[in-house]
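Engineer: Below you will find the structure I want to go over with you.
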Amino acid sequence: MSGRVGGVEVDERRDGVASVRRETRETSVAVELSLAGSGAAAVSTGIGAWDHLLTSFAHHGLFDLRIEATGDLEVDEHHTVEDVALTLGAAFDVALADRAGIHRFGDAAVPMDESLASAAVDVGGRPYAVVDLPFRAERIGGLPTQLVEHALEALARGGGITLHVRGTGRNDHHLAEAAFKALGRAMRAACEPDPRRTGVPSTKGSLE
């Protein structure tokens, strides 16, 4: 099924699978996502550290993920990071469909050497982000650290996800990577089928 949802073009929509595109004057982003994957990822955004974090997210979430993005990196990294996160969020929104039969909530904590990060998520359609990652430097490779929080906010907005991501650490690379691994594991738990659940996991009867 194709169409347009929430600012993205939907090339494919079926249970657990989505293929979406977002085109603006600033960026071009294509995302393919399978929720019941093996963790295979192919990510190309032009920002190596961002690719690394998204690959870690997919690997530990056991999502199959392909992202192809180009953007106005001659300006800065902001538009590319934000639009990739928005489009990835939209892919989750499409793949989850009516969100029937899933756990809906998930949480995880992941250590990486001196760093420890935790993530708790609700994929029930309510976009909200609380992020507390105390980075020390301005950049991780080519990725400005202030964009990590902004990307998580955009992911929440694009996917209708409530997420809380927190961490401590002395090494910015370790802190960011632990956060995305934890987020991947939390999202995996939230998106997986609940064998005891019939219908939508909400007393309202709908997660619209």
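Engineer: Hey, what do the phi angles of segment 62-74 turn into as Karplus ³J(HN,Hα) couplings, whole Hz, using 6.51/-1.76/1.60 and θ = phi - 60°, x for Gly and Pro?
Structural biologist: Once θ is set to phi - 60°, the couplings for segment 62-74 become 6, 9, 7, 9, 10, 10, 10, 9, 10, x, 7, 5, 5 Hz.
Engineer: Quick one: putting +1 on the C-beta of Lys and Arg, -1 on the C-beta of Asp and Glu, what dipole do you get for the chain around its Cα centre, in Debye to the nearest 20?
Structural biologist: 820 debye
Engineer: Related question: Could you check what % of the DSSP bridge pairs in segment 3-191 are antiparallel, to the nearest 5?
Structural biologist: Around 80 percent of the beta bridges assigned by DSSP in segment 3-191 are antiparallel ones.
Engineer: Additional query: Does segment 104-176 classify as rounded, prolate or oblate by the C-alpha gyration tensor (a ≥ b ≥ c root eigenvalues; a/c under 1.5 gives rounded; else a/b over b/c gives prolate, otherwise oblate)?
Structural biologist: It is oblate, given that a/c is not under 1.5 and a/b is not larger than b/c.
Engineer: Rounded, prolate or oblate: which fits segment 3-191 when a ≥ b ≥ c are the square roots of the eigenvalues of the alpha-carbon gyration tensor, with rounded for a/c under 1.5 and prolate only if a/b beats b/c?
Structural biologist: It comes out oblate by the Cα gyration axes.
Engineer: Where does the chain land at 222 nm, in deg cm²/dmol rounded to the nearest 500, when only DSSP H runs of n ≥ 4 count, each adding -39500 (n - 2.57), divided by all residues?
Structural biologist: -11000 deg cm²/dmol
Engineer: Give me a comma-separated list of calculated 3J(HN,Hα) values for segment 24-38, in order, Karplus coefficients 6.51, -1.76, 1.60 applied at θ = phi - 60°, integers in Hz, x for any Gly or Pro.
Structural biologist: Each residue of segment 24-38 in turn: 9, 5, 9, 8, 9, 10, 10, 10, 10, 9, 10, 5, 9, x, 10 Hz.
Engineer: Hey, can you grab everything whose amide H is under 5 Å from the amide H of Arg139? Only 5+ residues off in sequence or another chain; H modelled, so Pro and N-termini drop out.
Structural biologist: Amide H neighbours of Arg139: Thr145.
Engineer: Work through the residues other than Asp51 whose Cβ is under 13 Å from its Cβ and net out their charges, Lys, Arg +1 and Asp, Glu -1.
Structural biologist: Net charge around Asp51: -2.
Engineer: Once amide H atoms are placed 1.01 Å from N in the peptide plane, what residues at a sequence separation of 5 or more from Ala42, or on another chain, have their amide H within under 5 Å of its amide H?
Structural biologist: HN-HN under 5 Å from Ala42: Leu65, Arg66, Ile67.
Engineer: Starting with the highest mean, order 158-169, 87-98, 119-130 by the number of other Cβ atoms within 10 Å, averaged over the residues of each peptide.
Structural biologist: Highest-to-lowest ranking by the protection proxy: 87-98, 158-169, 119-130.
Engineer: Something else now. Hydropathy first: keep DSSP H helices in the chain averaging at least 0.5 on Kyte-Doolittle, then drop any whose Cα extent along the axis falls short of 15 Å, and list what survives.
Structural biologist: 78-96
Each value in this text was obtained by applying a stated rule to the coordinates, not by laboratory testing. Values in this document were obtained by computation on a predicted structure and should not be read as measured data. Ideal geometry is used to build each Cβ from the backbone, glycine not excepted, and the neighbour counts take in all protein chains shown.
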